Number of protein chains: 2
Amino acid sequence: MTKQDMRIVKTKNALHHALLDLLDEKLLEDISVTEICRTANINRGTFYLHYAQIEDLFEEYFKEITGDLSRAYQEPYRFVSVLKVSRLNSSTIRIFHHIQKYEHFYRIVFSKKVPLMYYYLLFEEINRLLLQEADPKMPEDLNAQIHCAYQANAIIGIIIEWYKSDFSYSADYLNDQLVKILNLSHRPS
Amino acid sequence: MTKQDMRIVKTKNALHHALLDLLDEKLLEDISVTEICRTANINRGTFYLHYAQIEDLFEEYFKEITGDLSRAYQEPYRFVSVLKVSRLNSSTIRIFHHIQKYEHFYRIVFSKKVPLMYYYLLFEEINRLLLQEADPKMPEDLNAQIHCAYQANAIIGIIIEWYKSDFSYSADYLNDQLVKILNLSHRPS
DNA sequence: AGTTTTATTGTACACTTGTTGAATAAATAA
DNA sequence: TTATTTATTCAACAAGTGTACAATAAAACT
């Protein structure tokens, strides 16, 4: 990878900060390209040299933040002392804590006017994480892709409910609830 | 409810048809208000009298189509002869068939540039349907809302995977896979 | 029928959007 | 340092956006 042109770095940084500043005042959908550029002291034409829409600029933030989730997966986890249920790995509690940490950000990601794209990015990230700890001994007639999509999106379902409740639950409570849900079908049928 | 002004009905119909016509040619995000009004022979100011954005016009279609899903729930189901698994009710297969029936429409709903709003509308619809057949004997320390959000969104996860595969599976195959997923945790742990 | 109500139209306005081309400035490379 | 490359700026353009107001037309009401 060739050395980054310092002008580009400076421009992108200015746009990043301008977007963040504006997001404190107003909703993403009410922010215009002209406004970001005025705030960042960057020519509007320069914006379009790097991004097609505001959403593409926001997407760069998104990847920084989900990158944090990904990195958290590498290091050993300290927040939960004992895992009560063998079936439940430490994945989900990490995900819940991550969302809680960046609550301000995910309020934007889950707001109804933003493009579905961000949802897919989160979905794929969680999908990837769950895949790392996939159970190798699965019935071969079970489509692994479909199974992963099921599990990953089920967790996002809980997160959506969390968002709708204005994040009024704790991450630990949600994890506890997830344990209970998974235990449900463990009962003899 | 007071009688609808015929002018409004005519205007909305014209806009509906114009949007449908344009959707055959191009993507939703490439359609402008001006274009819809030109096609519908409706003054642009009139559009803004009824809708704030194109998305609100599209939302009216959405509710017509999910209304079809809701109605399908009322009548007895004929497509599946025998339910192989007692735990799996007929809900999901109906949902899969509904998506398949309106595949053209859901290709738009799941495209990455549309607002998240439509996803939520579908989510709430499926949530409502699942709620109708909710198991009454659940542990009381299990949050029913969270449990429903989990189940409903898990199914949408399968549908997303379906969409990403360009709808290359059959509805029956997906239902079969869902049965297998639900049976997974029935095995003694 | 005539009267009242209100949806629609046409025009205008300030603003944003996405794109273009030439001029300029600032980075990298020799 | 000088030369080269390229990011940025500036001005301008046609188009769309969202809103406002008076004029008009078409409903509903009696």
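In this structure, the residue pairs whose Cα-Cα separation is over 31 Å, taken from A:Lys180/B:Lys113; A:Lys137/B:Lys112; A:Lys113/B:Lys164; A:Lys63/A:Lys113; A:Lys63/B:Lys164; A:Lys3/A:Lys101, are A:Lys180/B:Lys113; A:Lys137/B:Lys112; A:Lys3/A:Lys101.
The dipole here belongs to the protein assembly as shown: it is taken about the Cα centre, uses +1 on the Cβ of Lys and Arg and -1 on the Cβ of Asp and Glu, and is about 300 debye. Here's the list of aspartates and glutamates a cross-link from B:Lys26 could span, going by alpha-carbon distance under 20 Å and ignoring same-chain residues fewer than 8 apart: B:Glu35, B:Glu55, B:Asp56, B:Glu59, B:Glu60, B:Glu103, B:Asp166. Placing a label point 7 Å from Cα along the Cα-to-Cβ axis, B:Asp141 is separated from the same position in the other copies by 3.8 nm, shortest listed first.
Ordering A:Leu49, A:His17, A:Ser32 by Cα displacement along the dipole of the range A:1-59 toward the positive end leaves A:Leu49 in first place; charges were set at the Cβ atoms of Lys, Arg (+1) and Asp, Glu (-1). Spatially, the range A:116-189 and the range B:92-140 are offset by 17 Å when compared through their Cα centroids. Per residue, the Cα convex hull of the range B:1-51 amounts to 83 Å³. Mean per-residue shielding of peptide B:18-29 is 0, counting Cβ atoms of other chains within 10 Å of each Cβ. Note on the protein assembly as shown: helix-only mean residue ellipticity at 222 nm, from DSSP H runs of 4+ residues weighted -39500 (n - 2.57) and normalised by residue number, equals -21500 deg cm²/dmol.
As a ratio to 2.2 N^0.38 Å, the alpha-carbon radius of gyration computed for the protein assembly as shown takes the value 1.10.
Cβ-to-Cβ counts within 10 Å put A:His98, A:His50 in ascending order as A:His50, A:His98, the fewest first.
Each residue, A:Leu184 and A:Lys10, gets one label point 7 Å from its Cα in the Cβ direction; the gap between the two is 5.7 nm. Within 10 Å of the Cβ of each residue in B:175-182, the mean number of Cβ atoms contributed by other protein chains is 4.
Segment A:Tyr48..A:Glu124, full-extension length gain: 24.6 nm, with 0.36 nm per residue of separation and the alpha-carbon distance subtracted.
Any number yet on Rg/Rh for the range A:53-184, C-alpha, Kirkwood? Over the Cα atoms of the range A:53-184, Rg/Rh equals 0.96. Each copy carries a label point for B:Asp172 at 7 Å from Cα along the beta-carbon vector; from one copy to the others these points are 5.0 nm apart, nearest first. For the range A:152-165, putting each phi into the Karplus relation 6.51 cos²θ - 1.76 cosθ + 1.60 with θ = phi - 60° gives couplings of 5, 6, 4, 5, 5, x, 5, 5, 4, 4, 4, 4, 5, 7 Hz, in residue order, rounded to whole numbers and with x for Gly and Pro. A Cβ-based charge dipole, computed about the Cα centre of the range A:53-184 with Lys and Arg at +1 and Asp and Glu at -1, lands at about 400 debye.
Between the listed residues B:Phe110, A:His147, B:Leu184, the Cα displaced farthest toward the positive end of the dipole of the protein assembly as shown, a dipole computed from Cβ unit charges relative to the Cα centre, is found at B:Leu184.
Label-point distances for B:Arg44 to the equivalent site in the other copies, using a point 7 angstrom along Cα→C-beta, read 1.6 nm when ranked shortest first.
Each reported figure results from applying straightforward, stated rules to the coordinates on display, with no laboratory input. Because the structure is a prediction, the values reported are computed rather than measured. Cβ: placed from backbone, ideal geometry, glycine included. Neighbour counts: every protein chain shown.
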